[in-house]
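Novice: Shown below is the structure under consideration.
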Amino acid sequence: MRMPRRGLVIQARTRWLLVGLALLFSLVLLMYLLECAPQTDGNGSLPGVVGESMGKEYYQALLQEQEEHYQNRATSLKRQIAQLKQELQEMSDKLKSLQEKKSPKLNGMNYQGTKEQTSNDLLEFLHSQIDKAEVSVGAKLPSEYGVIPFESFTSMKVFQLEMGLTRHPEEKPVRKDKRDELVEVIEAGLEVINNPDEEDGQEEDDGVGDRQLYSENDFIEGYYRTERDKGTQYELFYKKMDGMEYRHVTLFRPFGPLMKVKSETVDISRSIINVIVPLAGRTEAFAQFMQNFRDVCIHQDKRVHLTVVYFGQDGLSEVKSILESVARETDFHNYTLVSLNEEFNRGRGLDMGARAWEKGEVLMFFCDVDVYFTAEFLNSCRLNAEPGKKVFYPVVFSLYNPAIVYANQDMPPPVEQQLVHKKDSGFWRDFGFGMTCQYRTDFLTVGGFDLEVKGWGGEDVHLYRKYLHGELMVVRTPVPGLFHLWHEKHCADELTPEQYRMCIQSKAMNEASHSHLGMLVFRDEIEAHLRKQAYRTNSEAVG
């Protein structure tokens, strides 16, 4: 059965609004009569009612309750009508412009008929989206992997399948737009139940006052899923606390046709990236990093400046030697070495690297010595960061311990051959916010890093939250050309309890996939099984 058209929905809601206003007028008249009635004894009761005090106060409370209900309902209807009008107008303008492009001769002719036809075409399109979606009839799917699962929710929590590494199976909606979406859906379901259309098949009661009204407290649970090219489906269930009957409402938010937001040409040919790397010790890792930097930045991209902020004196001469060697061999001199004789602090190092640049505005890439990137990533960095408008926070693909991943080989393959996106080779580091591309003025305007954070972890999250709380757009997405190479982690005793916990969690997640860790845990059991199999095979051969 097709869902009622929006025009009929608006008419039905308006009809019930008029009925509500009439009832409100009747109740006001009743209160006026009670006010004018002669005073009775304080303990008096209404005729025909024994042992109950149902005087003026009772009807005043009843009147106030009904009045608040219909005021809320009227406000909700006005908001929904305004939203529907806006959506219809936007879609009508879009379809009208398309029709004008197809039939330029009709411009200025029969405008009213064209406008009505446009609205009808829009409604037909929206209903066609519902017909195409898997709402009333199941779709034939090639395998179990073709199913689009629902996510369930209550008025307080969402239960989700796709968790990544930081989201939880059960959590409160964090984003305001998601909370508003679910609240809007629950209210829309109440609107359908409390003000049914003729097509809903619900028996009409004698009056509005006799109908059992549902509220937000009666919402039990709901399910939703999104088909990316059609829309979002909602299944909602309501029940009175003392009842056994559930009310089920199915809603669908259809997607409209694709609409152009903007079309522009982006010139990145002169966009210089200042790659800033904080470092303390780890000269072997820095030598490997510079090999990648030589291949990608010097030989391919050629629009990069390197800033190394080094903490301490141990290893400083080796770092200088590596930089000078690369400069001689490649004629590359666009680098800066900042030396700080103090304890390592990542936020402090990146902040000093940003301020060391003295040539005005520049795009910065905050990088670590264990990160491997491609020339394609550098272009993604340029395309997704814009001064005063947006910052880029790519999700890094973090590689597992190669000694475990390639345990069945004599030795791990070269790093370049380890750069694959497979479940057993690594994971999307969606809890990390250290690698980022942003313009220098945006970084300084937002206040930079919290320099009070000492040691490992925490400074990148503080900066990330500053942007989230501001007006700049944060582009957060996994990118294929950015890898975090595995290295041994050491969690220092000097870390705070929270930092130490984060360090241990990061260490555990970086080691291996669930399947490989399981193989390590059950290694003795597997080896015992193999010995039994070998013994059985030898016994059968002898026999």
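The values are calculated or read from the model by the stated rules, or taken from the named source; none is laboratory data. Because the structure is predicted, anything quoted here is derived from the model rather than measured. Methodologically, a virtual Cβ is constructed for each residue, glycine included, from the backbone with ideal geometry; neighbour enumeration extends over all protein chains shown. What goes into the accessible areas is simple: the full protein's heavy atoms, side chains included, and nothing from ligands, DNA or RNA. Shrake-Rupley method; radii C 1.70, N 1.55, O 1.52, S 1.80 Å.
Novice: Per residue, how large is the accessible surface of segment 273-518? Use a 1.4 angstrom probe and give square angstrom. Let's see the in-between values first.
Specialist: Values: 11780 Å² over 246 residues.
On a per-residue basis, segment 273-518 sits at 48 Å².
Novice: Evaluate E = 1/(1 + (r/R0)^6) for residue 270 and residue 535, where r is the Cβ-Cβ distance and R0 equals 60 Å; express this FRET efficiency to the nearest 0.05. Write down the numbers at each step before the final one.
Specialist: Working: r = 71 Å, r/R0 = 1.18.
Plugging the Cβ-Cβ distance into 1/(1 + (r/R0)^6) gives 0.25.
Novice: Right, here's the next one. How much length is gained on full extension from residue 237 to residue 83, taking 0.36 nm per residue of separation minus their Cα-Cα distance? Intermediate results must be reported in sequence, preceding the final value.
Specialist: Numbers: separation 154, 0.36 × 154 = 55.44 nm, distance 2.45 nm.
Taking residue 237 through residue 83 to full extension adds about 53.0 nm, to one decimal.
Novice: Work through the residues other than residue 439 whose Cβ is under 9 Å from its Cβ and net out their charges, Lys, Arg +1 and Asp, Glu -1.
Specialist: Values: positive: 440; negative: 361, 386, 442.
Residues close to residue 439 contribute a combined charge of -2.
Novice: I've got another one for you. Run the accessible area of segment 273-518 with a 1.4 Å probe and give the carbon-and-sulfur part as a rounded percent.
Specialist: Within segment 273-518, the accessible surface is 51 percent carbon and sulfur.
Novice: Take residue 416 and residue 517, extend 7 Å from each Cα along the Cα→Cβ direction, and tell me the distance between the two endpoints in nm.
Specialist: The answer from the label model is 3.3 nm.
Novice: Using 0.36 nm per residue, how much length does the chain from residue 325 to residue 170 gain when fully extended, once their Cα-Cα distance is taken away?
Specialist: Here the segment from residue 325 to residue 170 would lengthen by 50.4 nm.
Novice: Still on this model: To the nearest 0.05, how large is the calculated FRET efficiency for residue 159 and residue 430 if R₀ is 25 Å and r is the Cβ-Cβ distance? Numbers along the way, then the final one.
Specialist: Numbers: r = 19 Å, r/R0 = 0.77.
With a Förster radius of 25 Å, E is 0.85.
Novice: Return the Rg/Rh value of segment 273-518, two decimal places, where both radii are evaluated on C-alpha atoms and Rh is the Kirkwood radius.
Specialist: Details: Rg = 17.6 Å, Rh = 18.7 Å.
Rounded to two decimals, Rg/Rh equals 0.94.
Novice: Rank 314, 424, 460 by accessible area, highest first, at a 1.4 Å probe radius?
Specialist: The ranking, largest first, comes out as 314, 424, 460.
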